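K.L.:
Got a structure for you, written out below as structure tokens; questions coming shortly.
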Amino acid sequence: MLLNPLAIVLLTGLTAASLLVCLAKWGVLAAWEVHRPSWAPKLCLFCLGYWLSVLLLVLGLAMWVHLFKLPTWGILAALPLGLPAAAVCRAVAGPLQ
């Protein structure tokens, strides 16, 4: 029973980490630091990993809800599952800069 959410968290964290590494290699993160608007916060890699994980979880859970005709409130599970996925993402991605 616990293995399914654990697998979802690990898969999401690893996917978010690979996306963050790609964004760092392509220079997108450095460009954000230079060209960000004055109202935007500074780059926080843990926050970026969290919101990227939540986005991936929302997309995955929305597909799951649509395919199996589940109640749509199940998509809200992305918010608490995003935190351990962000921790996995941060641990795997490393400093990046």
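K.L.:
Could you list, in sequence order, the residues of the stretch 54-97 that are in contact (Cβ under 8 Å) with a residue 40 or more places away in the chain and among the polar types (S, T, N, Q)?
P.N.:
Listed by number, the list holds a single entry, 97.
K.L.:
Just checking: which of the helices (runs of 4 or more DSSP H) contained wholly in the stretch 25-97 hold 3 or more residues that are over 17 Å from residue 11 (Cα atoms) and modelled with pLDDT of 85 or more?
P.N.:
Fully inside the stretch 25-97 and qualifying: 28-35, 45-68.
K.L.:
From the list 58, 65, 9, exactly one residue is out of contact with any Lys or Arg (no Cβ under 9 Å at 6 or more places or on another chain), among the aliphatic types (A, V, I, L, M) and within 17 Å of residue 92 (Cα to Cα). Which is it?
P.N.:
On inspection, the qualifying residue turns out to be 9.
K.L.:
For the stretch 35-66, which positions are exposed (fewer than 12 other Cβ atoms within 10 Å of the Cβ) and under 18 Å from residue 5 (Cβ atoms)?
P.N.:
63
K.L.:
Let me confirm something: among 17, 91, which residue is of a type outside the set (Asp, Glu) and crowded, with 16+ Cβ neighbours inside 10 Å?
P.N.:
17 is the lone residue from the list that is of a type outside the set (Asp, Glu) and crowded, with 16+ Cβ neighbours inside 10 Å.
K.L.:
Looking at (1) closer than 20 Å to residue 19 by Cβ; (2) basic (Lys, Arg); (3) loosely packed, with under 11 Cβ neighbours inside 10 Å, which is the one condition that is false for residue 69?
P.N.:
Against the list (1) closer than 20 Å to residue 19 by Cβ; (2) basic (Lys, Arg); (3) loosely packed, with under 11 Cβ neighbours inside 10 Å, residue 69 comes up short only on (1).
The values are calculated or read from the model by the stated rules, or taken from the named source; none is laboratory data. Quantities reported herein were computed from a predicted structural model and do not represent experimental measurements. Note: ideal-geometry Cβ built from the backbone for every residue, glycine included; neighbour counts use all protein chains shown.
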